[in-house]
Each structure stands twice: as C-alpha cells, then as structure tokens.
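Read-outs: derived from the displayed coordinates by stated rules, not from any lab. These figures come from a predicted structure and were not determined experimentally. So basically every Cβ, Gly included, is an ideal-geometry build from the backbone, and we count neighbours across all protein chains shown.
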Amino acid sequence: MALVRRVNNSFGFVLNTIHCKCIVNIKGLKRESDIMRYSNLAAKKSVIIKISEVGHIEHLKKFCEYYAKIVNVFPYNTIDNNRFVLMECSSQKDVEALRNIAVCKADPEYAHSVTPFFLYKPRVKLSNQNTLNKDSYEYHSNFVTPNLNKINQSLKKIQSVSNQMIFLYDTLRITELNIRLRFYTATQISYYLSQLFVNLSVVPFGSSVNGFGQIGCDLDLLCKTNIPSNDTSGWKKFLFLTQIVPFTDRVEQKHFLDVIGTIIKTCMPGVTDVKKILEARVPIIKFRNLNTNMQCDLCSTNMTALHMSELLYLYGQLDWRVKPLVFTIRKWARSMNLTKENPGQWITNFSLTLLILFYLQTKHILPSLSSIKIFRDKSNTIDNFDWFLKWKNSVSNNDESLSKLLFEFFEYYCFFDFKTHALCLRDGITKLKKDASPLYIYNPFNPSLNVSKNVTLSELLRLVGHFQRASQIMLNSTEQDTLVKLINFDSNSTINGFNRKNKLELISEKFIPNVTNTNNLQKIEKNIIK
Ligand code: GTP
Ligand code: MG
C-alpha cells in the first residue's frame, strides 16, 4: 500500500513524498540557501515576548495586532519553566512598530541595558473571556528528547519495520518552532555583534539546518562576514574602508573568539554557562541561551562546514528514505553508546551520516558529489532539480524498502574492508586509504583530509561489532519487535544464532594482520562489548 505523506509547514515549503515508491516531488524541493535566507528573514520579522500566564496569549495577540500585522504565534515553555511567545510579524517594519510602543521600566539604582526581548504585563486582571482557549494554540512545554519508554510503546504497535522507522523520524525531528528559535538565537547574537562589526552575522549550520536535526540537538553557529556585492555602479572612487577580520590565522582566531565570548557572557540576556574552549581542534564558545532553550557552540568562520550542511541538506531532500534511515541509525548508535554528546575517539553523528550517505550512493539511491556538479554545470539550472531526475533515469531505479536498506547497511559495513579502503563521497566509490587511520572518509570538499581521523581502532572495532549484532537482531526478531530490540539492546546479552567467535575472527583478520592467538581475540572482544 502506498502511504502518501504531505509535509507542509508554515515556512511555505511543501514536500510530497510517497512511501513505498521512490518518488519525490522535485518541484517541492528547495535549496538550503533559499531556506536559510527565508528562515533568517523570518527570524528578523519575529519578536520574543515573556509572559507570566498562559491565559495572556490571546490578549497579547490582540494588543500587538493593534500596532502590527501578526502572522504566526508560537507559545513555549523553557526548561526553567518561564513562558514565552515567539510572534512572527508580517514585516520588519511591524517589529519596529512594536519596539516603538515598548517602554523601559528599570530601577535607577542599577545600570540596565535594553534587550531585544519584550515583557508583556497586562494592567488589569483578565476576565475569563479574554483568557486563552487552550485548544487554539499548540503549546510547546519542553524541548527534551521524547521518553524512550513512550517511544517503545508506540513502536510496538506498528507492524512493519519501515513504518517504525518513519514513526521514529516523525517523533525525533526538530519542530518548526524549534527551527525558528534556532534562527532567532542566531539573529540575536548577530544583533549584538553587528554593533562592533557592521557586516558580521552569525548563522546556524550543522544539524539545525541540514535536515537531520533531532529534538535537543545542539545549535552550531558560525560567524560570517557579508560583503555587499554592489560594486557594479562604477563608484570606484568612493569605497567603504574595510579591515581584515582575523579569521584565518589560528592565534588571532582564538583572540577573536575570546573577545566574542566575553561580549556574549557580559552583554547578552538569558545567556549562561559560557565556556571558552579555545585549545580544541576547532576553537569554540559554548553557552546556553535560557530564553530560547538552546545549547550553542559558536565557532569563527568555517565555510567548509556551511557547504557540508548544504550537501547533507540536499541529500536529505533527494529521496524520502534518507531521513528515516539516518534518524534510525543515529538513534540506534546513540543507544549503543557508539556516538556520545562530546567529541572524542568515537565516531561523530556527522561521520556516521556520511557512512549512510555513501552506502546509499553504492545502492544508486543518491548521486556522488561529482555527478551533482556535472549535472548542475551542464544544465546550468542550479535552482531546480531536473539534473536529479536525469541522474535517476540514467541509473537503475532502486525502490527497496526502508527495512531492507537498514539491514543491508549493517551488512555492508560488517564486511567493508576498512583495513585498506576509504569512502569517497565525491566519486561515490571506495578508494585506497592515504594513511593508517582506522576509519578513513575523504572530506568531500577537501580530499586531502580525513573527516573521521579521530576514530581509534578500538572504537571502529566496537562499531563493526555492533553492526554485526544489529544485523543478527534484525534476522532473529519478528518485524514488530525489531526496532525496539535494536534501540534497547543490552550489549551484555547474547543473541540467538550469533557466533561471536567466528565474527571476531573475521573482524580481526580484517583489521589486524596476523591475529592468531586467543589473547588478542579476547582483547578485541573486550573492545567490542565495552
Ligand atoms: P548533531 O549531533 O545533531 O549536533 O549533528 P551535527 O551534524 O550538527 O554534528 P556536530 O554538532 O557534531 O557538528 C557540526 C558540524 O561540524 C557538522 O555538520 C560538520 O560540518 C562538522 N563536523 C562534525 N563532526 C565532524 C568530524 O568528525 N569531522 C569533520 N571534518 N567535521 C565535523
Ligand atoms: Mg550539531
């Protein structure tokens, strides 16, 4: 049975997908840069207002409508139980109109700065008539990951693994309000920093914008300088005086972030837990924004990371199976402790996603990066996705179910020759490794770099061991139990029909030459089940 889904949000983007058939409505696809532009603009047209009572929302809306045109209202609760409303106006002029009517009330004994947030305090106690009809708004009370027990209960009611994967995707993905708050948070920081650097803005990247964001994921932010490209007018004699922002030199980058971190800590309302992590491979400022409920990581400019977000976003758009597959594998990997909140010697969500995308390239479900480029250059139609249809018609049409793809993903990497081979998403093929890194994924935008250089041999062994266990679970479970077993699997339990010794021998042969003695096998086994 074909399951037709229509994802239509108030960003105005429509994506029709038909499950069980590999059809995507190409006209509905949007480029990530368009969505970034749209979302940035939506953030600039939005205000955040603190309220004390849920019942004030309707009254607040009526009050604001007297001065400005309001197009969207999103109430939410923060983790520390403060109530806010994100209100989207029809234009930036409407935001200005609200600013003009707001007044400042502050204790003259203390120094105050005016923040971009508002506070709504109705003068009179509101009558019942004016209080909120609770059904008229979708109220977001928290932003924490849905409870695993509840997910399990729901999964058990769904018959097929493929539909369980779709359920997981729908349950875990970040909501529209959450995306809006991410862009608003970036706009708020831009607002402060632009007082120092006129053309500096802060933009989100990573899973907040690449379509693979799960509820509770961090907000990755980077500083971007925008140089207006209006030099066609011929006014060469009258130029802006510019100054190089110290982004490229590592030492200066650290100084720059140090200053930015201090500004964020001392000037920004609602910001707490500011940590300057300047000695890391990528220096960052970590902080929490209490008013928008965001855990943020701010780095200086990193255009490759932006291109990476765009590429992942594009891949997520090209086939409806990509996101449910990625969400399921990411959730599984997190439950198995293969990925962790902090970076380290283990695989990151990002590298894991590249493993999945590469596997889908080998299945001819996704094109290689170079074929995207060829099709784009030839047709010169960057704004539509006709090239993708051409590419799809030029290769076999793969319409395997999500469940089959999940199983074959685990199988594919169980038998992958990690000892000598690397993944190359640019060409969609495996290539020889350039060094002895256990896991080697060519950086799609800089082939001289390995994206997964941080992954140690023991972590790779653990990963492959879990791929094997997962494929065994899939073989030995009923459809209805499969996903629950996968994401709740206790790594100490034994699985029917799983011959650990054979598998370990296979793994050790693959990774470590000349492993014959049992001591070594025991060591490997320890690594795999830890
Ligand atoms: P979440 O776990 O949902 O936050 O996924 P994410 O894609 O946002 O990952 P993360 O916050 O760890 O990293 C943000 C961005 O940094 C990614 O989108 C990549 O562009 C980059 N990045 C993360 N991990 C790696 C890595 O291991 N190697 C490289 N080269 N870049 C990485
Ligand atoms: Mg992230």
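Below are the figures for this structure:
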| quantity | calculated |
| --- | --- |
| At R0 = 45 Å, FRET efficiency that the Cβ-Cβ distance of Gln243 and Asn476 yields, to 0.05 | 0.10 |
| Cross-link pairs beyond the 24 Å C-alpha cut-off, checked among Lys331/Lys431; Lys45/Lys224; Lys62/Lys121; Lys224/Lys323; Lys340/Lys433; Lys286/Lys340 | Lys331/Lys431; Lys224/Lys323; Lys340/Lys433 |
| Spin-label model distance (nm) - Lys93 vs Val259, 7 Å beyond Cα toward Cβ | 3.7 |
| Net lengthening on full extension, Asp170/Lys69 (0.36 nm per residue, minus Cα-Cα) | 33.2 nm |
| Protection-proxy order for peptides 218-226, 459-467, 107-115, 473-481, each taking the mean of Cβ atoms within 10 Å per residue, highest first | 459-467, 218-226, 473-481, 107-115 |
| Karplus (6.51, -1.76, 1.60) ³J(HN,Hα), θ = phi - 60°, over the range 416-423, in Hz, Gly and Pro reported as x | 6, 7, 5, 5, 10, 10, 10, 9 |
| Table column - 3J(HN,Hα) (Hz), the range 99-111, Karplus curve with 6.51, -1.76, 1.60, x for Gly and Pro | 4, 5, 8, 6, 10, 9, 10, 9, 6, x, 5, 10, 7 |
| Dipole magnitude of the range 263-371, debye to nearest 20 (Cβ charges: Lys/Arg +1, Asp/Glu -1, about Cα centre) | 260 |
| Euclidean distance between Cα centres, the range 417-458 to the range 34-108, Å | 47 |
| The range 295-353: C-alpha gyration tensor shape, a/c 1.5 cut-off, then a/b vs b/c | oblate |
| Mean Cβ count within 10 Å, highest first, over the residues of peptides 78-86, 422-430, 191-199 | 422-430, 78-86, 191-199 |
| Packing-based ranking, highest mean first, of 252-260, 166-174, 93-101 given that Cβ atoms within 10 Å are counted | 166-174, 252-260, 93-101 |
| Cβ-derived FRET efficiency at R0 45 Å, Glu408 paired with Asn226, nearest 0.05 | 0.55 |
| Cα-based shape type of the range 386-432, given that a ≥ b ≥ c are square roots of the gyration tensor eigenvalues and the cut on a/c is 1.5 | oblate |
